[in-house]
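Every number in this text was worked out from the coordinates using simple rules, so none of it is lab data. Everything numeric in this text was worked out from a predicted model, so none of it was measured. FYI the Cβ positions are ideal-geometry reconstructions off the backbone, even for glycines, and counts take in every protein chain you see.
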Amino acid sequence: MVDERAGLPVTTWPRELLLTTILAYRNAHGAGLPEGDCVTLAVNAYLGAGGNPDLAQRAPLQMIASISGRHPEWFWRPAHRRMEREARFWKARRQWPPPLNRSTWPPIPDDT
């Protein structure tokens, strides 16, 4: 039985193509880039890894849906860590909730 929430099976795409595309999106989202930029980076990674240009507008989104549905903890971990780090930063400054306009935020330090 196929879980329809998880999208197409991951075996639909070659492994390296899938990993390259997914990691581009995952890392961009984890860095806090806007959704449109994350998708653009995933599409560029897909094409750079040899993906079919005719499917470039659909296949990366299908890959993202497939992996995020099957492995949500792994897929969203960088974004969750970033959001937790941002929340700690703003709460330590006693400014919660943070300003809505992210462009006005000061740089958020890493956990290192």
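Observations on the structure shown:
- For the range 32-73, a tally of residues being touching a residue at least 12 places away in the same chain (Cβ under 8 Å) and out of contact with any helix residue (DSSP H, G or I) (no Cβ under 6 Å at 6 or more places or on another chain) returns 9.
- Scoring residue 96 on the criteria (1) in contact with a helix residue (DSSP H, G or I) (Cβ under 6 Å, 6 or more places away or on another chain); (2) surrounded by 11 or more Cβ atoms within 10 Å (Cβ to Cβ) leaves a single failure, condition (2).
- Cβ-Cβ contacts under 6 Å between residues 6 or more apart (or on different chains), taken from a first residue in the range 85-109 that is under 18 Å from residue 30 (Cα atoms) to a second residue that is of a type in the set (D, E, K, R) and not in a loop (DSSP other than H, G, I, E, B), are listed as 108/86.
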